[in-house]
Amino acid sequence: MNLNLRNAVIHNVSGNTQDQLKDTIVDAIERGEEKMLPGLGVLFEVIWNNADEKEKSMMLETLEDGLKH
């Protein structure tokens with residue numbers, strides 16, 4: 001992924017409230033457009049890099065469970 005894309009995504013959502021961030025995520029998922037996936041990946045990267053080991057474990061369990069369906 002291009003570093004400029006990371007910076008652009010982070011710049012576009014920096015300072016957003018939790019509600020605005022949620023709206024961004026929900027909108028990207030509901031649209032289902034492939035072009036939105038890199039942005040969601042950048043947001044996930046931010047979450048992952050700021051999570052402690054317990055939070056990472058919970059995310060991985062959630063992901064594993066979600067992929068079983």
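The values are calculated or read from the model by the stated rules, or taken from the named source; none is laboratory data. This one's a predicted model, so the numbers in the text were calculated from it and none came from an experiment. No Cβ is skipped: glycine too gets one built from the backbone with ideal geometry, and neighbour counts run over all protein chains shown.
Here are the numbers:
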{"item": "Hits in the range 54-66 - residues which are under 17 Å from the mean Cα position of the chain (by Cα) and not hydroxyl-bearing (Ser, Thr, Tyr)", "result": "Glu55, Lys56, Met58, Met59, Leu60, Glu61, Leu63, Glu64, Gly66"}
{"item": "Residues that are among the aliphatic types (A, V, I, L, M) and over 19 Å from His11 (Cβ atoms), drawn from the range 22-69", "result": "Val26, Ile29, Ala51, Met58, Met59, Leu60, Leu63, Leu67"}
{"item": "Complete set of residues in the range 1-30 that are basic (Lys, Arg) and at pLDDT 95 or above", "result": "Lys22"}
{"item": "Test: Leu60 is exposed (fewer than 12 other Cβ atoms within 10 Å of the Cβ), on the phi < 0 side of the Ramachandran plot, aliphatic (A, V, I, L, M) and assigned to a helix (DSSP H, G or I)", "result": "yes"}
{"item": "Answer from Val9, Val46 - the residue that is part of a helix (DSSP H, G or I) and in contact with a Gly (Cβ under 8 Å, 6 or more places away or on another chain)", "result": "Val9"}
{"item": "Residue tally, condition under 17 Å from Leu5 (Cα atoms) and in a helix (DSSP H, G or I), over the range 21-39", "result": "9"}
